[in-house]
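First up is the structure itself, then whatever we jot down about it.
Derivation of every value follows stated rules applied to the coordinates shown; laboratory data play no part. These figures come from a predicted structure and were not determined experimentally. Glycine gets a Cβ as well: all are built from the backbone with ideal geometry, and neighbour counts include every protein chain shown.
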Amino acid sequence: MITPLPDPEPRLIALPGVYRPQADTRLLAGALAREPLWPGARVVEIGTGTGVLALRAAARGAQVTAVDVAWPAVLAARLNGWRRRLRLRVLHGDFAARTRGSRFDLVLANPPYVPGPDAVLPTGGARRAWEAGPAGRAVIDRICTAAPALLRPGGVLLMVHSGLCGAHETVALLARQGLSAHVTERIRVPWGPVLRSRRAWLREAGLAGDGDEQEELVVVRARYA
């Protein structure tokens, strides 16, 4: 979890427990802005939260599906789409189940990625937005292995996550699925309250050093040939 930055979309509705746009959202938004997107392109956002990235894609004329496991996020994204007069198809549930049989030109993902000592992930509450198991890869790995079934030929996956999870592991796993992948964006941000609260565990797990106070965030871009 990272320290909240000023909301880049201050008029967005964010219901209690919904992940608000932060530094990782901004980083992924920048990658989206540089990605070619044409009217009618099919886009899916995994873990939409407030719907901010889905809305940006819809504003460029894309046909956008947004998925989230949390009902408050689904509601918030629908309300934000209605307020912006942008058409979003917002679905509740697991991304793999809700997208089965559909293929997209662009997949956007800001999955839970904070490593933690508990291998059992929460099934409710705000923690679902960041808790990702001891390696931080519980959802990242699922997205990587699902990518070939999600993407049309030539389609692109843009995914943001912490460097604590291993960007090289993401790139290698995507390559094993037949995608051409590389890191396109990197920034460093101060640790937020969640990482600070588990400093001792992160050191014991070999994920952080004694003096670490910053987290690297990366965007991985993968293209399906």
Mind listing the long-range amide H neighbours of GLY155? Cut-off is under 5 Å, sequence gap 5 or more, other chains count too, H placed in the peptide plane at 1.01 Å from N.
TYR224
Size of electric dipole in the chain: Cβ of Lys, Arg +1 and of Asp, Glu -1, about Cα centre, debye, nearest 20:
1000 debye
Cα centroid of region 120-157 to Cα centroid of region 161-193, whole Å:
12 Å
Whole-Hz ³J(HN,Hα) for each residue in region 148-160, computed from phi via Karplus 6.51 cos²θ - 1.76 cosθ + 1.60 with θ = phi - 60°, x for glycine and proline: what do you get?
x, 7, 8, 9, 6, x, x, x, 10, 9, 10, 10, 9
Take each of the peptides 181-193, 161-173, average the number of other beta-carbon atoms within 10 Å over its residues, and list them starting from the highest.
161-173, 181-193
Based on other C-beta atoms within 10 Å, arrange ASP210, ASP118, ASP94, ASP68 from fewest to most.
ASP210, ASP118, ASP94, ASP68
antiparallel share of DSSP beta bridges within the chain, to nearest 5, in %, is 50 percent
Go ahead and run the numbers for FRET between SER180 and ASP94, Cβ-Cβ distance against an R0 of 30 Å, rounding to 0.05.
0.65
Quick one: give the max-minus-min coordinate of the C-alpha atoms of region 23-224 along each principal axis, largest first, in Å.
49, 35, 28
Is the shape of region 36-99 rounded, prolate or oblate, going by the alpha carbon gyration tensor and its root eigenvalues a ≥ b ≥ c, with a/c under 1.5 for rounded and a/b larger than b/c for prolate?
oblate
Label GLU204 and TRP82 with points 7 Å out from Cα along Cα→Cβ: what is the distance between them in nm?
4.7 nm
Check: region 94-134 dipole with +1 on Lys, Arg Cβ and -1 on Asp, Glu Cβ, in debye:
160 debye
Which one, ALA62, THR145, GLY133, projects farthest toward the positive side of the charge dipole computed for region 56-192 from Cβ point charges (K/R +1, D/E -1)?
ALA62
